[in-house]
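Following this message is one structure expressed as structure tokens.
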Amino acid sequence: MYCGSCFRDNALAAELLSRGHDAHLVPVYTPTRTDEPNVSEGRILFGGISVYLQRSWSLFRTLPRAFDRLWDAPAVIGAFANRSVSTDPALLGDMTISMLEGSAGVLKREFDKLVEWTRDEPMPDVINLPNSLLIAMAAPLRAAFKRPICCTLQGEELFIDGLQPAYRDRALALIRTHVRHVDRFIAVSDYEARYMSERLQIPADRMSVVPLGINVTGYAVARERDEVFRVGYFARVAPEKGLHVLADAYLRFRSRLPADAAVRCEAAGYMAPDQQPYLDQVRASFEAAGRGGEFTYRGTLDRGEKINFLRRLSLLSVPATYGEPKGMFLLEAMACGVPVVQPRRGAFTEVVERTGGGVLVEPDDPDRLADAFFDLWTDRARLVELGQRAFTEVRAHHSIERSADRLLEVYRELAPEGGR
């Protein structure tokens, strides 16, 4: 799967490097995967196989380090990761708690290796952890480097909330104990800043917002479009992302059109193997309505395929059933001049209101989604206007250059003496 957080972090690191900054992107658990040139380092900290073995069997906490070097090799980890190892939080409670317990828990060996790794690293101006699930690294890194520690907040609450209740409560309690070791938290949206400040009990003076940005190179409006009105979905295929809500709304919208209207519902994005029954249910809803031929799922797409897919759409809608903190798919669609129709929740609200590149409707209401689809199908001039605004404003507010500018402002507040 292509990871949205990996996309963001890799794009920012690449942008900083292009400006001459000395940025190091170090993977944790597994190699990063992105559809742009990957600038991450070859070494992996807290190799996923080592962490799993040490958490599961005490023997692996005492074996010679040579075994760790074997299991921590990127090629070995990648081979296992590519076999669809589950990332279902309901199955990973023990692992999550072990990581958050830090050097006081069963993964002490890995935290010792982290400290040893720092001895050979150049002195940084600032260190940025990618999410709060890795916050136990803050204290040892701060002690080793004596430099400011940042922690990005970019949607890990969905994983936390998916843990079994006892693990969820314990995880939140542990994260809160580590908050004091972080100099600045960096949220990817205003919504995420508000939500996580309360959830993790983060003081207001230690929270900053760096709006999400994308590398818009290669994104462009389609020169020619056919006459088909395409309602699109581009996100992970899972109930929380709302593909079933979109299907319901599309079928309600379709029932209001002439029988020969040229309309389609097209979806793409990563689907875990255990979500196949969910996709089958979505397909079945189209079949039951006699519209089976109007739905297509195009699978996981690389960068070129993604851009081509988005450019063909008339509009994009990902009616997530929770407060989505990022919504990178909105920016990607807008960068192709495609307007969006989204529920008024999470970061969707601020992205659509800031860019003016779409329509907001009441959450969890297929009728309101269907109304918005119908209005735009009827008023093509407005559809074009929204698309043009989306194309322009996403570049003004959500380019990777704009995001990097803001990130550097935060870093310089913490380390004003920092160079490159």
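Does GLU353 qualify as being assigned to a helix (DSSP H, G or I), within 17 Å of SER189 (Cβ to Cβ) and not aromatic (Phe, Trp, Tyr)?
On the way: assigned to a helix (DSSP H, G or I): yes; within 17 Å of SER189 (Cβ to Cβ): yes; not aromatic (Phe, Trp, Tyr): yes.
Yes: the conditions hold for GLU353.
Show the residue pairs that are 6+ apart or on different chains and have beta-carbon atoms under 7 Å apart, the first residue being within segment 182-210 and on the phi > 0 side of the Ramachandran plot, the second being in a helix (DSSP H, G or I).
Correct list of pairs: GLN201/ARG176; GLN201/VAL179.
Could you look through segment 9-28, keep only residues that are touching a helix residue (DSSP H, G or I) at 6+ places or on another chain (Cβ under 7 Å) and touching a residue at least 24 places away in the same chain (Cβ under 8 Å), and pick out the one that is nearest to TRP117 (Cα to Cα)?
Across segment 9-28, the extreme among qualifying residues is VAL28.
Does ALA370 count as modelled with pLDDT of 95 or more and either in a strand (DSSP E or B) or surrounded by fewer than 20 Cβ atoms within 10 Å (Cβ to Cβ) (or both)?
When the stated conditions are applied, ALA370 does not pass them.
With respect to the numbered conditions (1) in the same structural domain as VAL340 (by TED's automatic domain parsing); (2) in contact with a strand residue (DSSP E or B) (Cβ under 7 Å, 6 or more places away or on another chain), which one is the sole condition not fulfilled by VAL410?
(1)
Would you check if ARG83 is more than 20 Å from PHE159 (Cα to Cα), basic (Lys, Arg), out of contact with any Leu (no Cβ under 8 Å at 6 or more places or on another chain) and modelled with pLDDT of 80 or more? Please lay out each step first, then the result.
On the way: more than 20 Å from PHE159 (Cα to Cα): yes; basic (Lys, Arg): yes; out of contact with any Leu (no Cβ under 8 Å at 6 or more places or on another chain): yes; modelled with pLDDT of 80 or more: no.
The answer is no for ARG83.
Here is a follow-up. Only one residue in VAL359, VAL351 is outside the structural domain of ARG194 (by TED's automatic domain parsing), buried (at least 24 other Cβ atoms within 10 Å of the Cβ) and of a type in the set (A, V, I, L, M). Which one?
Checking each option against the conditions leaves just VAL351.
Suppose we filter LEU279, LEU331, LEU360, LEU313 for residues that are more than 24 Å from VAL221 (Cβ to Cβ) and of a type in the set (A, V, I, L, M); which single one remains? It would help to see each step written out before you state the result.
On the way: LEU331 fails: more than 24 Å from VAL221 (Cβ to Cβ); LEU360 fails: more than 24 Å from VAL221 (Cβ to Cβ); LEU313 fails: more than 24 Å from VAL221 (Cβ to Cβ).
Result: LEU279 is the single residue among LEU279, LEU331, LEU360, LEU313 that is more than 24 Å from VAL221 (Cβ to Cβ) and of a type in the set (A, V, I, L, M).
Could we say that GLU240 is in a helix (DSSP H, G or I), under 26 Å from GLU350 (Cβ atoms) and in contact with a Ser or Thr (Cβ under 8 Å, 6 or more places away or on another chain) here?
Working: in a helix (DSSP H, G or I): yes; under 26 Å from GLU350 (Cβ atoms): yes; in contact with a Ser or Thr (Cβ under 8 Å, 6 or more places away or on another chain): yes.
Yes; evaluated as a whole, the condition is true for this residue.
Tell me, please, whether a residue that is in contact with a helix residue (DSSP H, G or I) (Cβ under 8 Å, 6 or more places away or on another chain), outside any loop (DSSP other than H, G, I, E, B) and on the phi < 0 side of the Ramachandran plot can be found in segment 212-222. Before you say what the answer is, go through the steps one by one.
Step one: of segment 212-222, the residues in contact with a helix residue (DSSP H, G or I) (Cβ under 8 Å, 6 or more places away or on another chain) are 212-216, 218-222.
Right, trim to outside any loop (DSSP other than H, G, I, E, B) and you get 214.
From what is left, the residues that are on the phi < 0 side of the Ramachandran plot are 214.
Yes, segment 212-222 has at least one match.
Please enumerate the residues belonging to segment 230-274 that are within 18 Å of THR300 (Cα to Cα) and aromatic (Phe, Trp, Tyr).
TYR233, PHE234, TYR270
If you don't mind, there's one more thing I want to ask. Determine whether VAL394 is modelled with pLDDT of 95 or more, not in a helix (DSSP H, G or I) and not charged (D, E, K, R). Talk me through it step by step, then tell me what you get.
Numbers: modelled with pLDDT of 95 or more: yes; not in a helix (DSSP H, G or I): no; not charged (D, E, K, R): yes.
So VAL394 fails the test.
Let me ask something else about it. Does any residue of segment 356-366 turn out to be part of a helix (DSSP H, G or I), modelled with pLDDT of 95 or more, out of contact with any Gly (no Cβ under 8 Å at 6 or more places or on another chain) and small (Gly, Ala, Ser)? Talk me through it step by step, then tell me what you get.
First pass over segment 356-366, keeping only residues part of a helix (DSSP H, G or I): 366.
Imposing the further condition that a residue be modelled with pLDDT of 95 or more reduces the set to 366.
Cutting the leftovers down to out of contact with any Gly (no Cβ under 8 Å at 6 or more places or on another chain) gives us 366.
Narrowing the set further to residues that are small (Gly, Ala, Ser) leaves none.
Checked segment 356-366: no residue is part of a helix (DSSP H, G or I), modelled with pLDDT of 95 or more, out of contact with any Gly (no Cβ under 8 Å at 6 or more places or on another chain) and small (Gly, Ala, Ser).
Just to be sure before I move on: is PRO148 under 24 Å from PRO416 (Cβ atoms), within 25 Å of the chain's Cα centre (by Cα) and in contact (Cβ under 8 Å) with a residue 12 or more places away in the chain in the structure I sent? Let's see the steps before the verdict.
Numbers: under 24 Å from PRO416 (Cβ atoms): yes; within 25 Å of the chain's Cα centre (by Cα): yes; in contact (Cβ under 8 Å) with a residue 12 or more places away in the chain: yes.
In short, yes.
The values are calculated or read from the model by the stated rules, or taken from the named source; none is laboratory data. Bear in mind the structure is a predicted one, so any value in this text is a computation, not a measurement. FYI the Cβ positions are ideal-geometry reconstructions off the backbone, even for glycines, and counts take in every protein chain you see.
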